[in-house]
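Following: one structure in structure tokens, then a few remarks.
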Amino acid sequence: MLFARVVLAIQIVILFALGLAYFVSPQQMSNVSGMLLMESAAVTDVRAYYGGLQIGLAAFLGLALTRIDLTRSALTLMVLLYSALAVARVGGLWLDGGAGQTFNLYILLAEVVAGGLSFYALRCLNRS
């Protein structure tokens, strides 16, 4: 149970910090990956999707820390979310010729690690 809580707590901090950064400074955060936000509609979309969605996810994980009945659901969500992101990123790297895309390779590594830790925490929780 402790490992699951630690995994969720780390994810809360990371997701909230990234979500807040994308909400407050969408242009600067988007530039890190090479995206250019050319219209105000694009800026608003990044604030909502990259900022608001991550902050909302962090809030759900925070709720899951306080309610044991949500802990399994939160970890399952993390496994599915990070697995889907990693598979889509691998597909994108393959389609777009990603050998030189160090940004995406590092993010892929982070997604695989986060998904793996979430999966391991879920298995540990299910055993107890």
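What follows is calculated from the coordinates using simple rules that are stated; it is not laboratory data. What you are looking at is a predicted structure, and each value in this text was computed from that prediction instead of being measured. Glycine also receives a Cβ, built like all others from the backbone with ideal geometry; neighbour counts cover every protein chain displayed.
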Checklist entry - What is the ratio of the Cα radius of gyration of the chain to 2.2 N^0.38 Å, where N is its residue count, to two decimals? => result 1.14
Next on the checklist: Counting pairwise Cα distances across the stretch 39-86, what percent come out greater than 16 angstrom?
Outcome noted: 51
Checklist entry - If you average the sequence gap of Cα pairs under 8 Å that are 6 or more apart and divide by the length of the stretch 2-127, what percent do you get for the contact order? => result 31
Checklist entry - In the Gaussian network model of the chain, springs joining C-alpha atoms below 10 Å, which of Leu93, Leu18, Leu77 carries the largest mean-square fluctuation? => result Leu93
Checklist entry - Between the stretch 72-100 and the stretch 1-24, what is the C-alpha centre distance in whole Å? => result 18
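Using a Förster radius of 25 Å, what is the FRET efficiency between Ala48 and Leu105 based on their Cβ-Cβ separation? Nearest 0.05, please.
Values: r = 27 Å, r/R0 = 1.08.
Efficiency, from the Cβ-Cβ distance: 0.40.
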Checklist entry - What nm value, rounded to one decimal, do you get for the distance between Phe3 and Val87 when each label is placed 7 Å out toward the C-beta? => result 2.5
Item to check | Along each principal axis, Cα extent of the stretch 63-128, largest first, Å | outcome: 43, 19, 15
